[in-house]
Amino acid sequence: MGELPIYFARVLEEIHYSPGAWTGRRIGVFRREGVSENQVGEYERDYPSLFRTFAPFRVGNRDLALYSPHYTATRLLELPSCRDIGGEEPNSAGFCPVEFFVPYYIDLELRVAGRPPTRVRKQCRRRMTCGREMSAGRRFPAGHHRRNGFRFR
């Protein structure tokens, strides 16, 4: 099984709208697999800084990213197509996001003979360990697992 693609964004160029006004940025969206890095799309951000306003994540088999093309709006980007699929509309009196946090979690299911299953959602400390840290000192790959009669999901 190969590694999941890693998406990231970086500034490609500065955009000058008019003299004395804020500048914007043309942002490239890139996909890294192993040592290979390819640009899959781009968008325009109407603010002089990118900050940390691109946060890719996976839901099921779908790659998505929170991003901020307008300095007061958070939107959702489908990857790798870079298609905007919704979010907040710009508001000049709105909040200016500077960083996004996407929590990572796993669903655990505990089954003991004769009892209904117990379900627990565990938040992971960081993306790379999600689905692998099941208990102190023991690591399991993501997916369905059985250990001593317990089923981890």
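Quick notes on this one:
- Selection from the range 1-19 of residues that are modelled with pLDDT under 90 and of a type in the set (Gly, Ala, Ser): 2
- Residue pairs whose Cβ atoms lie under 9 Å apart, separated by 6 or more positions or on different chains, with the first residue in the range 40-52 and modelled with pLDDT of 95 or more and the second among the acidic types (Asp, Glu), are 43/84.
- One residue stands out among those in the range 50-76 that are crowded, with 17+ Cβ neighbours inside 10 Å and of a type in the set (S, T, N, Q): the one that is farthest from residue 32 (Cα to Cα), which is 72.
- When 55, 93, 113 are screened for being assigned by TED's automatic domain parsing to the domain that holds residue 15 and not β-branched (Val, Ile, Thr), only 55 passes.
The values are calculated or read from the model by the stated rules, or taken from the named source; none is laboratory data. Given the structure is predicted, the values throughout are model-derived calculations rather than measurements. A quick note on method: Cβ atoms are made from the backbone with ideal geometry, for glycine too, and the neighbour counts reach across all protein chains shown.
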